[in-house]
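Worksheet: the structure to be examined is printed underneath.
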Amino acid sequence: MKREYYSDSIFKFLRSSTEEILGILALNNDFALIQTQRGAWVAQIEILRKILTAHQGSIYLPLSNPKWVMLHSEQPIRHDCTFIL
């Protein structure tokens with residue numbers, strides 16, 4: 001079982017449309033997709049796009065907890081970092 005619904009490089013994430021990412025999330029979602037969850041994913045995608053433009057690495061969203069987002073940055077803020085939001 002995959003722990004994430006979407007995973008890709010940050011480079012590809014930034015170049016994918018919100019609709020494309022949302023579609024992948026929805027296809028891999030094991031739960032009822034309610035409007036509030038869809039809205040939360042769209043907001044997360046928009047926020048992550050703004051803060052990841054200067055970073056390289058991978059992104060995984062969400063993990064087994066639908067409220068978690070994890071990314072691994074190869075271009076560190078201080079050092080190689082993993083963020084869970």
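The values are calculated or read from the model by the stated rules, or taken from the named source; none is laboratory data. Here the structure is a predicted model, which means the values were calculated and not measured. Here Cβ is always computed from backbone atoms with ideal geometry, including for glycine, and neighbour counts include all displayed protein chains.
Couple of notes before you dig in:
- Count of region 28-50 residues, restricted to those that are loosely packed, with under 15 Cβ neighbours inside 10 Å and outside any helix (DSSP H, G or I), is 5.
- Of all residues in region 1-27 being at pLDDT below 90 and exposed (fewer than 15 other Cβ atoms within 10 Å of the Cβ), the one that is farthest from residue 62 (Cα to Cα): 1
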